[in-house]
1. Among the residues of the range 377-405, what is the count of those that are at pLDDT below 90 and closer than 21 Å to residue 444 by Cβ?
2. Scan the range 182-213 for residues that are over 25 Å from residue 136 (Cα atoms) and among the charged types (D, E, K, R) and jot them down.
3. Can you pull out every residue in the range 435-451 that is touching a Phe, Trp or Tyr at 6+ places or on another chain (Cβ under 9 Å) and open to solvent by less than 10 Å² (accessible area, probe 1.4 Å)?
4. So in the range 13-43, with the set limited to residues that are modelled with pLDDT of 90 or more and β-branched (Val, Ile, Thr), which one is nearest to the chain's Cα centre (by Cα)?
5. Considering only the range 256-315, state which residues are open to solvent by 40 Å² or more (accessible area, probe 1.4 Å), of a type in the set (Gly, Ala, Ser) and at pLDDT below 95.
6. Just checking, how many residues over the range 634-645 are open to solvent by less than 20 Å² (accessible area, probe 1.4 Å) and touching a residue at least 60 places away in the same chain (Cβ under 8 Å)?
7. Does residue 106 satisfy the condition of being in contact with a strand residue (DSSP E or B) (Cβ under 7 Å, 6 or more places away or on another chain) and either of a type in the set (Val, Ile, Thr) or assigned by the TED database to the domain that holds residue 20 (or both)?
8. When you look at residue 345, is it of a type in the set (Gly, Ala, Ser), open to solvent by less than 40 Å² (accessible area, probe 1.4 Å) and within 35 Å of the chain's Cα centre (by Cα), yes or no?
Amino acid sequence: MPDILSLSKLKILIISHNRIRYLDLSVFKFNQELEYLDLSHNNLEKISCHPTLNLKHLDLSFNAFDALPICQEFGNMSQLEFLGLSATQLQKSSVQSITRLHISKVLLVLGDTYGEREDAESLQDLKTQSLHIVFPTGKKFHFNLDVSVSTTVSLELSNIKCVLDDNGCSYFENVLSKLQKNSRLSNLTLNNIEITWNSFITILQLVWRTNIEYFSISNMKLQGYLDSRDFDYSDTSLKTLSIHKVVHDVFSLPQGYVYKILSNMNIQHLTVSAAHMVHMVCPSQISPFLYLNFSSNLLTDTVFKNCTNLANLKTLILQKNQLKELINIVHMTQEMKSLQQLDVSQNSLVYDESEGNCPWARNLLSLNMSSNILTDSVFRCLPPRIKVLDLHNNRIRSIPKDVTGLETLQELNLASNSLAHLPGCGILSSLSILIIDYNSISNPSADFFQSCQKIRSLKAGNNPFQCSCELREFIQSVGQVSSDVVEGWPESYKCDYPESYKGTPLKDFHVSELSCNTALLIVTIVVPGLVLAVAVTVLCIYLDLPWYLRMVCQWTQTRRRARNVPLEERQRTLQFHAFISYSGHDSAWVKNELIPNLEKEDIRICLHERNFVAGKSIVENIINCIEKSYKSIFVLSPNFVQSEWCHYELYFAHHNLFHEGSDNLILILLEPIPQYSIPSSYHKLRALMAQRTYLEWPKEKSKHGLFWANLRASINIKLMGKAAEVLYTEI
């Protein structure tokens, strides 16, 4: 192993399950910090020692050593806690070098050729707290070995095979009988044991008379028949008997006798699991049993029926049996006055509400009914003082809201059911631990943590979460509690719907406040809309928009009718040189100055007294007069801006200007008009006065001639219509 030489800091080296045949421990002379060396399951036959190793763990078991591979140098391993050995023969001198060490555990694996010598062998010189001896696999137990090591507290023996012959299990019984000399031994474990029924009872009786307190048997095969005999329960130190995984090839046994021996044992803890038991009888008197474990058997609802002698029992485990009716289990516990923990998981239990009340044992605090066929109705059949309840892997869809009597419940496991909602704590006022993962919860309530003030642990991952606004509130509430409260966050909490978010961790799911808050969304849309509507309304009123709309409608209708008249005919309909618009307060100047000076030059003036058509609206008559006139003259003065009809006439004339594309407006400023006196609704007048040139009526008479010459020049045109007619409107 040249590569190991350079690993000066190496502490752990495992090279088990290889084909190493020889090892020189000096190869580790540069690995001064090596503490753990595992060389088990190789083909080692010999090792050469090295004086400098000081290991804590050395495993040389399951190799091909003949004698125990113990070097003199092992005696200097003052830190050695575990020593694994293998050999085919045991010599007392082999362990002399390590007798000064106090090893925590020694594993001794005996080779296939062990036992060929008939001499008695002993391990009494070993000093270890725990000794595990593995006898040859498949070989009859004809060994004469004293395993009563004086310092051993725990002894484990593996591969014990007794056959049906004259001696039975006498060799093994002889080994066990020597354990009475060891006053410190308190734990005995037998693994992979094949014995007769009679020898099994004999072994129990032998152990009963020792100082052993904890006796465990696992992987046991029973053969032969059983002779009925009395079992002596007196003078025992045994507290716990555990029997696990038993098979037997004889079924015509007096099973009642076996059940009687087991049920009447005056010990505190009894476990018989995976033993194909079909029944268990009630003890014949008040039993000291505190703990019974009959898991993985074939027990039915009739077990311990009407049994009154288990008044001291605190824990009963009936997991993985053939239990069917929950109400039968309830009645079974009724006489178990001290029962606090019950496990009936992995059965086929059902409950029907019509079966009436459930008189559970009043002191029952912990109940495991997981992996059954229970539905929502089970919440109406629970112990009155229950604190821990496991109902995972059932058929529960919800917790009925009218259930009572769950005020003491502190831990609830509802994983792997079909719940669609995260339950609140209204009826679970003391709940501190809730496991509800692997259900059908899509939108857990954001009020959960507010409802469950005492919750210390919530496990709700691996549900089909629907990433929506409702879930957003739950995510926010998770962020407000301690990170230790929500187990599996954020790894087990992912979006399942919609597809665009599938697989996204909930902590990475973000949606805006606006899209989730309906009230805020309404305010955001409606308020600006209302403000805009109010603003438009105010603006319409301020700018007299309704009037403009009506006028546009009238203008459009008139223009539509005019559009149906041919162009030459429209030109022939131009009957007047000018249409005059003025205020009634300025009528004196118009009648005395303007009209006489224009008409004497043969200029036709449109007057409403003669030309307005009866039956038509004033607006339509105004539009017709403007269209039949070459020019529209507006006499501007402070009185003009106060007249509404003047405003209308100006509007239509201006509109006609843009429609016809001609310069048909003539503005005469009779008197100066201050800007502040022009109403805001007269914005067209403001624009015209700012953009267009107007004729100003001079106060000096010497300038009047020029004024009239300019005015007549602007309206001089040859008309094709009928004789001159004068029409003027007085507003």
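The values are calculated or read from the model by the stated rules, or taken from the named source; none is laboratory data. Just so we're clear, the structure is a prediction, and the values are computed from it rather than from any experiment. Methodologically, a virtual Cβ is constructed for each residue, glycine included, from the backbone with ideal geometry; neighbour enumeration extends over all protein chains shown. Ligands, DNA and RNA are stripped out before the accessible areas are found, and what is left, the full protein with its side chains, is counted by its heavy atoms. Shrake-Rupley method; radii C 1.70, N 1.55, O 1.52, S 1.80 Å.
1. Filtering the range 377-405 for residues at pLDDT below 90 gives 401-405.
Keeping just the survivors that are closer than 21 Å to residue 444 by Cβ gives 401, 403.
So the answer is 2.
2. The answer is 184, 209, 213.
3. If the condition is that a residue be touching a Phe, Trp or Tyr at 6+ places or on another chain (Cβ under 9 Å) and open to solvent by less than 10 Å² (accessible area, probe 1.4 Å), then 441, 444, 448 are the ones that fit.
4. 14
5. As a first pass, look at the range 256-315 and keep what is open to solvent by 40 Å² or more (accessible area, probe 1.4 Å): 256, 260, 266, 268-269, 276, 278-279, 281-282, 284-286, 288, 290-291, 296, 298, 300, 302, 305-306, 308, 312, 314.
Narrowing further to those that are of a type in the set (Gly, Ala, Ser): 256, 284, 296.
Listed by number, the residues that qualify are 256, 284.
6. Applying the first criterion (open to solvent by less than 20 Å² (accessible area, probe 1.4 Å)) to the range 634-645 yields 634-637, 640-641, 643.
Next, only the ones that are touching a residue at least 60 places away in the same chain (Cβ under 8 Å) stay: 643.
The qualifying residues number 1.
7. The answer is yes for residue 106.
8. Working: of a type in the set (Gly, Ala, Ser): yes; open to solvent by less than 40 Å² (accessible area, probe 1.4 Å): yes; within 35 Å of the chain's Cα centre (by Cα): yes.
Yes: the conditions hold for residue 345.
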